[in-house]
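Enquirer: Structure provided below as structure tokens; questions to follow.
The values are calculated or read from the model by the stated rules, or taken from the named source; none is laboratory data. Quantities reported herein were computed from a predicted structural model and do not represent experimental measurements. Please note: Cβ atoms are built from the backbone with ideal geometry, for glycine as well, and neighbour counts cover all protein chains shown.
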Amino acid sequence: MEKLQAFQAAARESGFVEVEETEGGSVLWFRKDTADAATETHQRICMDSLTNSVTVYWATVPGKIDSKTFRSAPALREWFALRPVTVSQPPH
């Protein structure tokens, strides 16, 4: 899991928390601390030490999941920086 430390730091900086490690220890799962206001789902990240990659999963609309895989922590950070943050608005 040491290979994934830069990915873990990038995830934590973007509001993700660790939720699970596989029994064999090759995969870590992270979840966004807050749910997306539009879809009411939490983004998730799967970190795989065997492939030294990270896949981010998110819902674009209820019931549709999208994903993107990264092989470097700087690319992941850049992608997070480019994604707009959805701000939830209280109901009127």
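Enquirer: Scanning the stretch 16-34 for residues that are of a type outside the set (D, E, K, R) and within 12 Å of the chain's Cα centre (by Cα), which turns out nearest to Gln5 (Cα to Cα)?
Expert: Within the stretch 16-34, the first condition is being of a type outside the set (D, E, K, R), and the residues that meet it are 16-17, 19, 22, 24-30, 34.
Okay, now just the ones that are also within 12 Å of the chain's Cα centre (by Cα), so 16-17, 19, 28-30, 34.
Working: Phe16: 14, Val17: 13, Val19: 16, Leu28: 11, Trp29: 13, Phe30: 13, Thr34: 22 Å.
Restricting to residues being of a type outside the set (D, E, K, R) and within 12 Å of the chain's Cα centre (by Cα), the top hit is Leu28.
Enquirer: For the stretch 62-76, which positions are within 10 Å of Ile45 (Cβ to Cβ) and outside any strand (DSSP E or B)?
Expert: Leu76, the sole residue that qualifies.
Enquirer: Further question on the same structure: Considering the stretch 39-61 alone, what residues qualify as being of a type in the set (A, V, I, L, M) and assigned to a loop (DSSP other than H, G, I, E, B)?
Expert: First, pick out the residues of the stretch 39-61 that are of a type in the set (A, V, I, L, M): 45, 47, 50, 54, 56, 59, 61.
Residue satisfying the conditions is Leu50 alone.
Enquirer: Something else: Step by step: first the residues of the stretch 35-64, then only those that are β-branched (Val, Ile, Thr) and at pLDDT below 90, then the one that is farthest from Phe16 (Cα to Cα). Which residue is that?
Expert: First, the residues of the stretch 35-64 that are β-branched (Val, Ile, Thr): 39, 41, 45, 51, 54-56, 60-61.
Retained after the next criterion (residues that are at pLDDT below 90): 39, 41, 60-61.
Working: Thr39: 17, Thr41: 13, Thr60: 18, Val61: 20 Å.
The extreme case among them is Val61.
Enquirer: Separate question: Name every residue in the stretch 1-38 that is in a loop (DSSP other than H, G, I, E, B) and touching a residue at least 40 places away in the same chain (Cβ under 8 Å), in order of residue number.
Expert: Filtering the stretch 1-38 for residues in a loop (DSSP other than H, G, I, E, B) gives 1, 14-15, 22-26, 33-38.
Correct list: Met1, Ser14, Asp36, Ala37, Ala38.
Enquirer: Could you check how many residues of the stretch 1-19 are surrounded by 12 or more Cβ atoms within 10 Å (Cβ to Cβ) and farther than 20 Å from Glu78 by Cα?
Expert: 3
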